[in-house]
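Each value in this text was obtained by applying a stated rule to the coordinates, not by laboratory testing. These figures come from a predicted structure and were not determined experimentally. Neighbour counts are summed over all protein chains in view; Cβ atoms, including those assigned to glycine, are modelled from backbone coordinates with ideal geometry.
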Amino acid sequence: MAGVEIVVRGRVQGVGFRRYVKQIADESGLTGTVRNLSDGSVEIHIWHISQSALAGFMESLSQGPGKVVQCDVLEWRTNDSLTEFNIEATR
């Protein structure tokens, strides 16, 4: 199954952005993780997502708290069997 790593840049820390990402992921039935990075960006990993679901998720990111300036998406293959979406500690 395909997974994605999304790095979101802008004013996305200290505004409830990770909670917002978890909320939209849970509502969409997605599994993965979200965490703050030390450079002020936010890193999102999503396991098993279709292209159409990814498009909707990306659109939702720009409607969240703070201000999204840029999203970099990297596709990768995963065999992980995570069963929920989690907020992780800052890396």
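Within segment 38-91, list the GluC sites (Glu not before Pro) lying in a DSSP loop whose Cβ has at most 16 other Cβ atoms in a 10 Å radius. Could you put the intermediate results ahead of the total?
Working: sites: GLU43, GLU59, GLU75, GLU84, GLU88; in loops: GLU84, GLU88.
Sparse-neighbourhood loop GluC sites (Glu not before Pro): GLU84, GLU88.
Quick one: THR33, THR83, THR90, fewest Cβ neighbours within 10 Å first, how do they rank?
Numbers: THR33 21, THR83 8, THR90 11.
Ordered from fewest to most neighbouring Cβ atoms within 10 Å, THR33, THR83, THR90 come out as THR83, THR90, THR33.
Working from label points 7 Å from Cα in the Cα-to-Cβ sense, the ARG11 to SER62 distance is 1.8 nm. DSSP beta bridges confined to segment 10-91 are antiparallel in about 75 percent of cases.
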